[in-house]
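Data first, discussion second: the structure below is written as structure tokens.
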Amino acid sequence: MASCKRQFFESFEKALDQKGLGKDNKIILMCRSGSRSAKAARVLHIAGYEYVYSVIVGFEGDKEKIGPNKGQRIVNGWKSSNLPWSYTLPSKKLAWDIN
């Protein structure tokens, strides 16, 4: 596991360096619900990144708890707030291409 983390940090730092960014730049993380990005933000902060943020409810947000849409991620989140959304990610806007 330690080598996996080391490889991630090396890849992450290389991607930032290629964009002229470092530990003192703002970094915003997002995931589907906000839980993984919050954990990643904490790890990056511990690693010395000063301005790391996580979008709290993520792309899709929380699941509906009752009613006909129970279990669907329609309560909150980036997508439910009618913010720009796509399953296709533009490579030029990413730190590194994951497609």
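No value in this document is a laboratory result; all are computed from the given coordinates. None of these values were measured; they are calculated from a predicted model. Positions of Cβ are generated from backbone atoms using ideal geometry, with glycine treated the same way; all protein chains shown enter the neighbour counts.
The charge dipole of the range 22-89, taken about its Cα centre with unit charges on the Cβ atoms of Lys, Arg (+1), Asp and Glu (-1) only, comes to about 220 debye.
The separation of the range 32-99 from the range 13-27, counted between C-alpha centres, amounts to 20 Å. Over 31 Å between Cα atoms, which of 23/63; 63/93; 39/92; 19/65 qualify? Distance filter (> 31 Å) returns 23/63; 19/65. Calculated mean residue ellipticity at 222 nm for the chain: -9500 deg cm²/dmol, from DSSP H runs with n ≥ 4 weighted as -39500 (n - 2.57), summed, divided by the residue count and rounded to 500.
Remind me, relative contact order of the range 22-89 in percent, using alpha carbon pairs under 8 angstrom and six or more residues apart?
On the way: 120 pairs, mean separation 18.8, N = 68.
Relative CO of the range 22-89 lands at 28 percent.
Axis angle, to the nearest 10 degrees, between helix 2-18 and the longest C-alpha principal axis of the chain: 80 degrees. Between the entries (1) 29, 16, 12; (2) 19, 17, 16; (3) 20, 16, 11, the label attached to semi-axes √(5λ) of the Cα gyration tensor in Å calculated for this structure is (1). Positive-end ranking of 30, 68, 82 along the dipole of the range 22-89, with charges on Cβ about the Cα centre, is headed by 68.
The trypsin sites (Lys or Arg not before Pro) of the range 26-99 that meet both conditions, a loop assignment by DSSP and at most 12 other Cβ atoms within 10 Å of the site Cβ, are 65, 70.
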